[in-house]
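Let me begin by presenting the structure, written as structure tokens, before commenting on it.
Laboratory data are not the source of any read-out in this text; all were calculated from the coordinates shown. All of these numbers come straight from a predicted model, not from anything done at the bench. With ideal geometry, Cβ positions are generated from the backbone for all residues, glycine too; neighbour counts draw on all protein chains shown.
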Amino acid sequence: MSGTLQISSLWLLPLLLLPLAVYSGFRVLSGIARKEQGGEDRDWSVPQIEYEGGTTSPVHRWDVRFKLASFLLLAFLVVSLQHPQTALVALIMALFGYRVAAIPWRRGLKRLLGMAGFLSMFLLMLPLTAVRQSTDLVLVFGSIDWLSFNLRGLDLAMLIILRAATVALLMEPLLATAPLPVTLAGLTRMGVPRRLTELLLITHRYLYVFLHEARRMQIGMDVRGFRKSTSLATLRSVGNYVGMLFVRSFERTERVHAAMLARGYQGFWPQPISLHVTPADYLKACGVIGLGLLLVICDQFLVGRF
Amino acid sequence: MHISDGVLPTAVALGTSAVSAGILLWSLRRTPADDLPKVAVLTSAFFVASLIHLPFGPTSVHLLIPGLVGALLGPSAFLAIALGLVLQCLLFQFGGLTALGANLLMIGLPALLAGLVFYHFKGRTKKQRILVGALCGGGATFFSALILALLLASGGEDFIGVAKLALIAHIPVVLIEAGVSGMVISFLLKVKPELLDIPFVLKEKA
């Protein structure tokens, strides 16, 4: 299908409503995600990379090194898919994998919402700004000739969204099926500098400490009548607030460091985690990577013929 | 704005990952081993600061603070930003797994540059330092937006419209970032000026 399709300018109306629909859909979904979590604070709710304990699944029992390597490779394979059809198949497979890992759905939903703002930019802009090629089907609205809706652009946007959603859904089975220290230990054994993974652990731990501190300072500002607005006064207050956060954190840094030295820190922590490889680990890795490769091959050869 | 998975061509994603990994190793080596835990703790504070939203007219923007991180940490800024971005990806899915390298270049390079500028143009008076701080904050954010637009445009000419939109959307962010950076520098000059004398990690050597 190619060419220009002349349609009534009335069709412009649903197009104008599209951003509104995207926005309200986002609000409804984030409302659901918040309700499940039971809080109201939007900016402050930082989810924990937590191990969903109590459940077990084939993904939970998978050796963390094999899991990391397979998922990372799979993520790169998924983002190199070139057709929405295969990307849709990848998404369905990711949903299946998510189900197998027995992780609550709201966590995946939150991840998808985290990307919603960025991805909606593509959904809204690409159909209008994609460069017109001879094989494109383009919708033109009556006599308005500066605006055209390129269906190839819409395809491209869908492809991007499907690829992003697939990788986002892979993240939960990757991270929530083992405690963070185990995941990081796996990364270390795979050759990531040990310092880097240990720093990540410290940062993750102190994140919640400073979050708590920031929230306390925020409450202090709120009871003194501080309301944010677009003004120089807000800018100054927030500047002082951020500056205070930094000063406190610098001071705490020194104390934390002294405490670590006092406990015999010599640059590295002991790593009591032991990992054992079983044949099942190899099998699972082969399965996951094989599926990814199969998708890429289908993408290259089959879909191209349609 | 963080680039999510599936936007960049695979070659660009892999290339930026390799370059970022190289700079990251350099940044790790430049940081004295004793100071590494300190950088990690500070990164948590920067992470929390980046969660602060400021209203701008009808919308709100969140702070990016690449300029401030660069000014406070010097060469370790790249390391700190890498830690922050990995956590943002792991926790919120802000910025995708395969786009980590691209995002790191986008925020980390301007931060390094801002650090360099901040320590080479100290100025004589407080006002001059505040001005340099504001310029570093705004400039680093603008540079980030430019890299973002370039990366988006690497997807082909279809993406040029999106790249332009992304660049325009960053104008309020640049303004707010410049304002807040100036204010933070002014606050630190009053409260703890020694933080701004030498980049944090080079303190021992000086």
* To do: Take the residues in segment A:50-103 that are among the aromatic types (Phe, Trp, Tyr) and touching a residue at least 40 places away in the same chain (Cβ under 8 Å), then tell me which one is nearest to the other protein chains (Cβ to nearest Cβ).
  => A:Phe71
* Structure fact -> Per the list (1) under 28 Å from A:Thr166 (Cα atoms); (2) assigned to a loop (DSSP other than H, G, I, E, B), residue check on A:Gly267 breaks on (1)
* Lone qualifier among A:Ala75, A:Ala87, A:Ala94 - being touching a Pro at 6+ places or on another chain (Cβ under 9 Å), within 19 Å of A:Asp299 (Cβ to Cβ) and crowded, with 22+ Cβ neighbours inside 10 Å -> A:Ala94
* Extreme residue, surrounded by the fewest Cβ atoms within 10 Å (Cβ to Cβ), among residues of segment A:126-161 that are under 18 Å from B:Ala99 (Cβ atoms) and touching a Gly at 6+ places or on another chain (Cβ under 7 Å) -> A:Leu126
* Within segment A:113-170, how many residues turn out to be in contact with a strand residue (DSSP E or B) (Cβ under 7 Å, 6 or more places away or on another chain), within 8 Å of chain B (Cβ to nearest Cβ) and under 24 Å from A:Ser24 (Cβ atoms)? -> 1
* Structure fact -> Residue hits (segment B:52-82; within 13 Å of A:Val242 (Cα to Cα) and without any contact (Cβ under 8 Å) to a residue 12 or more places away in the chain) are B:Ile52, B:His53
* Structure fact -> Taking segment B:17-51 and keeping residues more than 15 Å from the chain's Cα centre (by Cα), of a type in the set (A, V, I, L, M) and over 17 Å from A:Leu201 (Cβ atoms) leaves B:Ala18, B:Val19, B:Ala21, B:Leu25
* Checking B:Leu87 against (1) crowded, with 18+ Cβ neighbours inside 10 Å; (2) more than 20 Å from A:Thr166 (Cα to Cα); (3) at the interface with another protein chain (Cβ under 9 Å from one of its Cβ atoms); (4) over 12 Å from the mean Cα position of the chain (by Cα), the condition it does not meet -> (2)
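Residue by residue, here is whether (1) closer than 21 Å to B:Gly182 by Cβ; (2) crowded, with 24+ Cβ neighbours inside 10 Å holds:
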residue: B:Met1; (1), (2): no, no
residue: B:Asp5; (1), (2): no, yes
residue: B:Ala21; (1), (2): no, no
residue: B:Val39; (1), (2): no, yes
residue: B:Leu73; (1), (2): yes, yes
residue: B:Ile81; (1), (2): yes, yes
* Please enumerate the residues belonging to segment A:197-248 that are small (Gly, Ala, Ser), more than 7 Å from chain B (Cβ to nearest Cβ) and at negative phi. => A:Gly220, A:Ser231, A:Ala233, A:Ser237
* Structure fact -> B:Pro55 passes all but one of the listed conditions (1) buried (at least 21 other Cβ atoms within 10 Å of the Cβ); (2) over 29 Å from B:Ala18 (Cβ atoms); the exception is number (1)
* Scan of segment A:71-104 for residues that are out of contact with any helix residue (DSSP H, G or I) (no Cβ under 8 Å at 6 or more places or on another chain) and part of a helix (DSSP H, G or I), ordered by number -> A:Leu72, A:Ile92, A:Phe96, A:Arg99
* Filter segment A:260-282 for residues that are exposed (fewer than 12 other Cβ atoms within 10 Å of the Cβ) and either within 15 Å of A:Phe66 (Cα to Cα) or within 26 Å of the chain's Cα centre (by Cα) (or both) and give the result. => A:Ser274, A:His276, A:Val277, A:Pro279
